[in-house]
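Please read the structure below before turning to the comments.
The values are calculated or read from the model by the stated rules, or taken from the named source; none is laboratory data. In this text the structure is predicted, and so the values were computed from the model without any measurement. Here the Cβ positions follow ideal geometry from the backbone for every residue, glycine too, while neighbour counts run over all protein chains shown. Side chains are part of the model used for accessible areas, which takes the heavy atoms of the whole protein and leaves out ligands, DNA and RNA. Shrake-Rupley method; radii C 1.70, N 1.55, O 1.52, S 1.80 Å.
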Amino acid sequence: MTKVPSIPPSCAGGIKRARPALRLFFAVLLTLPLLSAETVAQDAALILTEAEKEFIRDHPVIRVAVAAHFAPFEFLDNHGNYVGIAPDYLTLIGEKTGLRFVPAVDIPFVDALKKVSDGELDLLPTLGWTEEREKIFLLTRPYYKYKPALVVRGDSPIKSVYDIRGQPLAVQRSTSNAHFAFSTLNVALSLYDSDGDAVLAVAEGREAAMLGYLPVVLYAARNLGLSNLNFISFSSEYDNAFCMGVRTDMPELRNILNKTLATITPAEKIAIQSRWVRVGDDGSEKRQMRYLAGASAAVLLAMATFIILKTYSHRKKIALHRQNENMLQEMVRQRTEDLQNQTRLAVEASNAKSAFLAKMSHEIRTPMNVVIGLAEVLLRRDLPADAAKEVRHIKQSGISLLSIINDILDFSKISEGRMEVADAEYALRDLLGDVEDIIRSGIADKPVEFTTHIDAGLPDSLRGDANRVRQVLLNLLGNAVKYTRRGSVSLAVSGAMIGDKSIRLSFRVADTGIGIRQEDMGELFVSFRRVDVQGHPDIEGTGLGLSIARSQCRAMGGDIEAASVYGKGSVFTAVLVQRVVERRPQRASAGQKKKRTATFIAPEAEVLVVDDLPSNLLVAEGLLAPYRMRIFTCANGREAVDLVMQRPFDLVLMDHMMPEMDGVEATRAVRALDEERCRTMPIVVLTANAMSGMQEMFLKSGFNDFLSKPIDTDLLDRMLTQWIPAGKRRNVPEGGNGAPV
Ligand code: ADP
């Protein structure tokens, strides 16, 4: 590359203004090589990847190593400003990307190379391409090309490089032009320290011709105020081009520079070119006239060139768009494939999690069924008062443990966004009665008074999700009892109709318990978060209840609000919307109904209970005893199918998971039997698997109904009432207690 010394300030004032037309002509001429096939700029939009944008955010300032006083490519002006063709390109890139390029000036060239290859500085803006450099730097695409030129006086007979054979030729001593001249043209060389000195020697007649790079010699001539010169440009193997060198650990910067360079338009290139490479004015009238004529031709030529380039650029643009489109399609295909893989992995993980939860739920619920069920069976016996109290505690603890398992299952469903809300008819006052019973048995002998108030005008027959409403109430009332050592807990139920068809129910649960600090109120509904644990280390919990209850209320179109005075008590109000089936309120009110163990007896009915665990069979037999039905039992599906073939049972209660043949297989086998009664015989699945979606699976497999373990005695009673034929049922009057066990 040609080195040009910095411009002495005294020469700067001697620059004469060239005619605009001439300037344009030269600008176009000099820009032609820039517009060669691979460098025709595209005014395409700059599209950066996320990683590139992030790089710009993280590295807004790029430190540029400025080595050479290398006019007009890059050098310091009289005021010490970093100027030239390369800085102009950097300014443009900065405008397009937001990057700021800050020069570290006046570093010896060898040091500049080292600082960028060591990563101390980021960028070298004017590097010629070599194989070695490609190993130490990340080189951008060439962005500026230029050619050698012969400089002769205006009246010289020399018209081409070949005319100088045999004559001495001036060159700057370290330039590659010297080698070219020497090896190709075989001429004697006069060596000069700078291109400027050599150009001056030609202008003053001391040399017949000099060889340099066109932009350099034009710039030197202009700065020296020389206008009596001709410049004969030509192509050779010494055509040169600049790229930028980026430190190797910044590949994003190289990509950003390449993409931005590709968006620099021909107009922008011409503007930079004409700013730095212009010819001077010789002051002679004749020459001016000649230039004027030439200028007109140049304008025409420039216009023609412009039109050709525009057409060419347009074609390139279309080709580039096609290329981009293909790239985009490939990226989209790749992304889609990645997403499909990720989705598959996520689905597999989610299935594994669901399978694990189902398994855990089943494993824990099975023994809980025995604990709660047998406690219930025992409580129906005439136990001594002490023993009855202890058994009640066993049952209550079993129920608490079950509610924790339910909470964890619910939490996993909610966090997976899989919470379904059922839509079935139910009686509000029955639901409230059940809740009241459970809460009263939970209070047992704690000095806490429990009262309820239900608005008399509330409709009773509703549609919605009774189970979820029950869970919300049990959660709030359970907490109220748990966090109240003595005093009272109350439930007030009211409602406001929304049009004719729906009602906004409001459940207000108040207690005189430990209360909640004001600063803790925001934490109440956060999953797994418990507050004031140090203050009350003896009160246990998971921190899930309120967050689940709130999600449930929200899923039913409402919410929960809390108010509390620390040390005095709390009020939780749950609001939710249900549909109204019948607006008329029922006369019976919650808690008035006397609880019966069984609502009927059916001594002629025959029921088969299938379960592989003897303790589960014991529970089922105990819970069914008050109905005085004939109970048959067996230990797996295969035995069940054999028994069904022999006897026309009124009902089969079938466990799900059993060895040899499970409940689903057995039910399918029964349904496949020839006899009509086997296709219609009611089979109810008894399962410890409470995962959502299971119910649907069971119904599809041929079961008529679903009862989850641990068995809830009320649900059992409802289920039996539905499936034991009416002709075999005899009602037990209210207040009665079914059959003695
Ligand atoms: P936990 O299983 O801990 O009871 P919850 O989500 O039901 O979890 O409640 C979150 C926290 O809110 C509890 O740990 C408790 O500190 C507080 N809290 C809930 N209800 C009451 C109440 N009625 N009185 C006082 N504190 C309560």
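Descriptive notes on the structure:
- Within region 388-429, being among the acidic types (Asp, Glu), touching a residue at least 12 places away in the same chain (Cβ under 8 Å) and in a helix (DSSP H, G or I) holds for 407, 410.
- Hits in region 477-487 (condition: open to solvent by 40 Å² or more (accessible area, probe 1.4 Å) and either away from the ligand (no atom under 12 Å from the Cβ) or of a type in the set (A, V, I, L, M) (or both)): 486
- Test: residue 424 is aliphatic (A, V, I, L, M), farther than 27 Å from residue 532 by Cβ and more than 16 Å from the ligand (Cβ to nearest atom): yes
- Screening residue 572 with (1) assigned to a strand (DSSP E or B); (2) within 8 Å of the ligand (Cβ to nearest atom); (3) open to solvent by 40 Å² or more (accessible area, probe 1.4 Å) gives one miss only, at (3).
- Among the criteria (1) at negative phi; (2) of a type outside the set (A, V, I, L, M); (3) at pLDDT below 90, the one residue 225 does not fulfil is (1).
- Any hit, region 490-500, residues being within 13 Å of the ligand (Cβ to nearest atom) and either over 27 Å from residue 446 (Cα atoms) or of a type in the set (Lys, Arg) (or both): no
- Contact map, region 523-550: residues that are free of Cβ contacts under 8 Å to residues at least 24 places away in the same chain and open to solvent by 40 Å² or more (accessible area, probe 1.4 Å) paired with residues that are more than 8 Å from the ligand (Cβ to nearest atom) and among the basic types (Lys, Arg), Cβ distance under 8 Å, separation 6+ or inter-chain. Pairs shown: 531/517.
- Looking only at residues in region 438-469 that are part of a helix (DSSP H, G or I) and within 47 Å of the chain's Cα centre (by Cα), the one that is farthest from the ligand (Cβ to nearest atom) is 466.
- Checked against the criterion of being of a type outside the set (Lys, Arg) and part of a strand (DSSP E or B), region 470-487 has at least one qualifying residue.
- For residue 364: the one exception among (1) at pLDDT below 80; (2) within 30 Å of residue 655 (Cβ to Cβ): (1)
- In the condition set (1) modelled with pLDDT of 75 or more; (2) out of contact with any helix residue (DSSP H, G or I) (no Cβ under 9 Å at 6 or more places or on another chain), residue 351 is compliant with all but (1).
- All positions within region 309-350 that are over 24 Å from residue 259 (Cα atoms) and open to solvent by 90 Å² or more (accessible area, probe 1.4 Å): 339, 340, 342, 344, 345, 348
- Within region 575-598, being open to solvent by less than 90 Å² (accessible area, probe 1.4 Å) and at pLDDT 90 or above holds for 575, 576, 577, 578, 580, 581.
- Note on region 628-723: enclosed strands (runs of 3 or more DSSP E) holding 3 or more residues that are assigned by TED's automatic domain parsing to the domain that holds residue 613, touching a residue at least 40 places away in the same chain (Cβ under 8 Å) and open to solvent by less than 30 Å² (accessible area, probe 1.4 Å) are 651-655.
- Of residues in region 551-569 being more than 8 Å from the ligand (Cβ to nearest atom) and assigned to a strand (DSSP E or B), the one most open to solvent (accessible area, probe 1.4 Å): 561
- Selection count, region 508-525, where residues are more than 8 Å from the ligand (Cβ to nearest atom), farther than 15 Å from residue 567 by Cβ and either part of a loop (DSSP other than H, G, I, E, B) or within 35 Å of the chain's Cα centre (by Cα) (or both): 1
- Any hit, region 129-151, residues being of a type in the set (Gly, Ala, Ser) and either open to solvent by 60 Å² or more (accessible area, probe 1.4 Å) or under 25 Å from residue 57 (Cβ atoms) (or both): no
- Any hit, region 47-59, residues being charged (D, E, K, R) and modelled with pLDDT under 50: no
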